[in-house]
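Comments concern the structure below.
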Amino acid sequence: MLRASVLRLFSQPIRQTVYLRECLDTTAFPNTLKLYSTQTAVKEQPGTTVSEKEAEETRIGKRRPLENAPFIRELFLGRFAKEMLVYPEMTKEELEHLNQMVQPIEKFFNEGLDSKTIDVNAKIPDEVLQSLKDLGLFGQQIPEEYGGLGLNATEFARLAEITALDGSIAVTLAAHQSIGLKGILIAGTAQQKAKYLPKLATGEHVAAFCLTEPSSGSDAASIQTRATLSEDGKTFLLNGGKIWISNGGIADIFTVFAKTKVTVDGVEKDKVTAFIVEREFGGITSGKPEDKLGIRGSNTCEVHFDNTPVPLENVIGEVGGGFKVAMNILNSGRFSMGSSGAGILKKLIGMTCEHAVSRKQFGSPLAEFGLIQEKFAQMTITTYAMESMAYLTAGVIDLYEKPDVSLEAAIVKVFSSEGCWSCVNECLQILGGLGYMKDYPYERYLRDGRILMIFEGTNEILRLFVALEGMKYAGKELKDAVKIARNPWKNPGVAWKMYKKAVSRQFSSKKRKSENAVSVHQPYNSKLKLHQSLHNTLQYEALLLEGCTEAFQKVVEHLLITHGKEIISAQMDLAKVSNIVIDLYGMTACLSRSNRSYCLGLQNADHEIMLTKAFCKDATKRINTNLKEIYSGPVENNSENYEHIAQAVFKHGGYAASHPLERMW
Amino acid sequence: MSGFRILVGCKRVIDYAVKVRVKPDKTGVVTEGVKHSMNPFDEIAVEEAVRMKEKKLASEIIAVSCGPQQCQETLRTALAMGVDRAIHVITEPKEYESMQPIHVSKILSKIATEEKADLVIVGKQAIDDDCNQTGQMTASLLDWPQATFASKIEKSNGDLSVMREIDGGLETIKVKVPAVLTSDLRLNEPRYATLPNIMKAKKKPLVTKKPSDYGVDITPRQEIVSVEDPPVRQAGQKVESVEELVTKLKEAGLV
C-alpha cells in the first residue's frame, strides 16, 4: 500500500507533463484513433477501408483521420473514448485569422442593427440584407473555389455566436446556408455545385429548405408532395404544398423533398427524393408571410408547387435516397445552436449583471441576495456547458474526413435550446418589471428563443433519436446476452450465472444503503482511469464521470432486458436515458475544456474549474434521480399514472375532473 | 496621367470603446490583454485612399504601421479594406512606449521618398496620445504642402482642392501634389471589411522592416514622468440667490 501511494506521489507530475505534451500535440489523435477505425470503419461500411497510403499520411499528420470514435454510442456500452478529454485546438494563424473575421461582424451586429424595428415591422430591411450579403455571411461554409468563405465547423460556430444576436437574421442565414443549400454542398454533383453555389455564396440567390407539410412535421417520411417522372424520363413534375418554410417568400433556389416511385427488388415503392428547384422553373407560389411569436423578421410562408418541371440532373444524391440526404443536412447544422445560444446568453448575462450590481432594494444591491446569486450561477454554468459542448463537437467535425457526430449534435441542440429558454427567462425575471417591457431586449430574446426547441427536429424527437440510436448500437453487441436474459429457460445454465452475478452485484454494493445509483471508485480501483487524462484538480469529477458512465451502461442493459424490442415505445424511459446522456456529454465537455484552460494557464482558469465542478455535481444529482426512476419501474416513477391520466383527458376531450364547486344535490 | 501612389499611416491604438485603466506603477496605461484596433481617423484615411482608387484617381495604396508584432493585425485590416500592400516597421514593445510623432514622421517621410509616393494621408491625431503632429511634421520633413483636418478632398486640374474644418468654420484650399493630408471625422464613413476581402487580404504582400533600415534613430526624446487618472469631479452646490453665491465664493476664498 505504502509503495503504491509513494509511486502515485511521484508519478503525478510526470503524468501531467506527458498529458500537457499530448494536449498541445494535435497529432495525438490519429494514434488513438486507429483502434476505432478498425472497429467501425472496416466492419460497418465495407467501402471505406483505409488504404496504406492514407494510413501513413494520417500518421504523419498530412491527412485527417477518417472517422471519429462514436463517443455517445460507445457510452451506451460503458466505453469512454478518452480522446474527447483532449479539447480541440486551433493553430495560432487560424485563430488570428478567425479573430480578424470576427471583428467586422461584431461591429456590424453591435452598431449597425436595429433589432427592435426588425421585430416590430416583422421585416429585415433590404439594405441590412444586402450588407449581410456584402459581408460574405451568405456563403460561410461554401468552398472558396465557388466564391464562399470555406469556413470549417469551428469558425462557423464562432461566427454563429455573433449572428445570433439578432434572431431573425440568424434564422434567415441558417435557413439559407445551414439547411437551404447544404444538400448541394454535401451531396451535390460537381456540376450542381458549379452551377448553383457561386450565386448562392454572394447572396444573389437565396436558398430555402422545403420538407415540412401540413400532415408531416416530425414524421418527415410521410410527406405527400409528389414528383412524377415524365414519359421521356428527363423531367420530374412536382406537385404539392409545403408549410412554414423559412425564406420561402424570398428564395430563388429550393431544396424540395418529394415522394417518387422507385423499384426496389422488383417491388414498386414510394421513396423520398431530394431536388434542387429554381423558382424560375415555374409553377411555384409563395403564400403570405406568417405572423409569428418570435423571429418575426424572418420570412416564413407556405410554398406550393403546381406541375413544376424539375430536370433529372437536379436530383440531389440518388432517386429514392432523399430521406438520408434530409437527415444528413439536418445533422450537419445542429451543433452551431450551442454557440449561438452561448453568444446570446453571454451578452444577456453581462447586461443582467450590470443591473444586479447597481439596482438596490432593501438597502443592498440585488447581487447580494442568495436567490439572485443562485440564478446567476445556474445561468453561468449552463452557458459554460453549452459553449464547451458546441466547440468540442465542432472540433471533432473539423478533425476527421468523415465525421459522424449525429448524436453529439442532437445533444448539443437539445441542451442549448432548453438552456437558452430557461436562462433568458431567468434574466428577464431578474430584471423584474423592466424585463417585461418591450423597451428592453429580454422579451424579444425570449420570444425569438422559443423556436429553438421546436425547429430542426423537436427536442422530444431528438431525445428519442439519441436514446434509440444508442440502444440500437448497444443492443447489437449485447444481443446475445439480452436474448438469454429475456428467455432464461432456453439457456438455463448461462441464465443462472447471469442471475447470480446480478444478485451478488445488488447485495455486495455498499451503496445500496445510500440512495445513490452511481458508485464512485477510488483512483486505484478505477477501471476507465479517466482521471489520468486530466489535471489533478479534476480528479474527483473524473471519478464521478466514470461512475456515471458505469451506472449508465448498467441501466442500458437493464432497459434492454426489461423491454426488449418494445423499448421503442417506452418513451418516458427513453427520455430519461437521453437526459442522462446529455449530462454525460456535458460533463465530458466541461472537464475537457477546463482541463485545457487550467493546463494552459488561461485567464480565470480557476473560475472555469469551479464551473466544471459545479456542473458535474448538479449533473450527477440529475443522473442519480433519472437512474432511480428508471430502476423503480413505471409504478414507482409515476409513468403508469401519467399514461392513465393522459388517456382519460383524451377520452373526455379535455380536462376531466369535475369543478371543485360542483356537487349533486 | 496615371493615378496617385498613396501612402497611408495606420496606428494601432486601444479600441475607443474600452475603458482605459492606469497601470498601478503609474508608468502608463494597461495594454496587456486589452482590445486594440486601428485609430479611427486612420480608418477614415484608408477609406479615403480606397475611394480615390475606386474613382481611378489613385493607382496604388501602401499602408504603413510602426510598432510591435501585433501591428500586423492592423495592417491586415487595412489590406482587407482595399489597400494593395503593407509595410510593417517593427519595434520592440519597450521602444514603442517612448516612440513619438517625430520618430514616426521621419520614418514616414523616408518611406514616402523611397516608394515615390504622391500623397501621404494620415489621421489628424491618434486617439491615445492626441498629439496631432505626425502629419504636419511629415510634411515639413518632406518639404511638401500640407492640408490638415480635411473634410472633403477633390481633384481640380492636377492639384487637390481640400475643404478643411477649422475653428472658424470651413476653409477650402488648393494644394499641389505631392502633398500630405490629414483626415478629419467627417471626411467619410469607413466601410466594414467584408469577410471575402479579409480572405483576399491574406494573399496581399506585407513586408517587415526596421527603423534602422530607413536610417531613423528612435531613441526617446521624452521621458514619461507619471501617468495618472484625471481627478474625480467634485459635486457642485445649488444656491438660491446671488447673495448666497457671493457669500459661498467668499467663504471658499475665491473672491
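Bear in mind these aren't lab numbers, they're just calculated from the coordinates by the rules spelled out. Since the structure is predicted, the reported quantities are computational estimates derived from the model, not experimental observations. Note: ideal-geometry Cβ built from the backbone for every residue, glycine included; neighbour counts use all protein chains shown.
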Tell me, what is the FRET efficiency for residue A:369 and residue A:144 to the nearest 0.05, using R0 = 56 angstrom and their Cβ-Cβ distance as r? 0.60
Within the range B:203-239, backbone nitrogen closer than 16 Å to the virtual label 7 Å beyond the Cα of residue B:22 toward Cβ: B:224-234
Please average, across the residues of A:131-143, the number of beta carbons from any other chain that are within 10 Å of each residue's own beta carbon, and give a whole number. 2
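What does the charge count around residue B:205 come to, taking other residues whose C-beta lies under 10 Å from its C-beta (Lys +1, Arg +1, Asp -1, Glu -1)? Mind showing how you got there, number by number?
Working: positive: B:85, B:203, B:204; negative: B:84.
Value of the local net charge: +2.
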Please state, as a whole number in µm²/s, the translational diffusion coefficient that the Stokes-Einstein equation yields for the range A:604-665 at 25 °C and 0.890 mPa s, with Rh defined as the Kirkwood radius across alpha carbon pairs. 156
Express in whole angstrom the spacing between the alpha-carbon centres of the range A:388-412 and the range B:150-177. 57
For residue A:152 and residue A:306 in one chain, what is 0.36 nm times their gap in residues minus the Cα-Cα distance, to one decimal in nm? 51.6 nm
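Let me make sure I get this right: for the range A:214-274, a, b and c are the square roots of the gyration tensor eigenvalues over alpha carbons, sorted descending. Under 1.5 in a/c it's rounded, otherwise prolate if a/b > b/c, else oblate. Which is it? Please list the in-between numbers first.
Numbers: a/c = 2.86, a/b = 1.45, b/c = 1.97.
Oblate, since a/c reaches 1.5 and b/c is not below a/b.
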Relative contact order in percent for chain A (Cα pairs under 8 Å, 6+ apart) equals 14
Gap in Å between the Cα centre of the range B:125-140 and the Cα centre of the range B:34-62? 17
For chain A, one quarter of the surface area of the C-alpha convex hull, expressed in nm², comes to 39.3
How big is the antiparallel share of DSSP beta bridges in the range B:1-115, given as a percent to the nearest 5? 25
How many nm separate the modelled label positions at residue A:487 and residue B:242, each set 7 Å beyond the Cα in the direction of the Cβ? 11.2
To the nearest whole number, what is the average tally of beta carbon atoms from other chains within 10 Å of the beta carbons of peptide B:197-204? 3
Here the whole-number average of other chain Cβ atoms within 10 Å per Cβ of A:144-152 is 2
Rounded to the nearest Å, the spacing of the alpha-carbon centers of the range A:611-629 and the range A:329-381 is 21
Which net charge results when you count Lys and Arg as +1 and Asp and Glu as -1 among the other residues whose beta-carbon is under 15 Å from that of residue B:220? -3
Within the protein assembly as shown, helix-based [θ] at 222 nm, where runs of 4 or more DSSP H residues each add -39,500 (n - 2.57), nearest 500: -15500 deg cm²/dmol
Quick calc: nm separation of the 7 Å Cα→Cβ label points for residue A:263 and residue A:191 -> 2.4
Intensity falloff of the range B:4-251 expressed as log10 I(q)/I(0), Debye formula with alpha-carbon point scatterers, at q = 0.08, 0.09, 0.10, 0.12 Å⁻¹: -0.36, -0.44, -0.52, -0.71
Amide H partners (placed H, <5 Å) of residue B:126, local residues excluded: B:131, B:132
Given an 8 Å cut-off on Cα distances and at least 6 residues of separation, report the relative contact order of the range B:4-251 as a percent. 24
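What is the calculated FRET efficiency for residue A:662 to residue A:529, with r their C-beta to C-beta distance and R₀ = 60 Å, to the nearest 0.05?
Once rounded, the FRET efficiency stands at 0.40.
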At R0 = 45 Å, FRET efficiency that the Cβ-Cβ distance of residue B:174 and residue B:34 yields, to 0.05: 0.60
Would you please state which residues of the range A:129-157 a label at residue B:189 would reach in this model, taking the label point 7 Å out along Cα→Cβ and a backbone N cut-off of under 15 Å? A:129-132
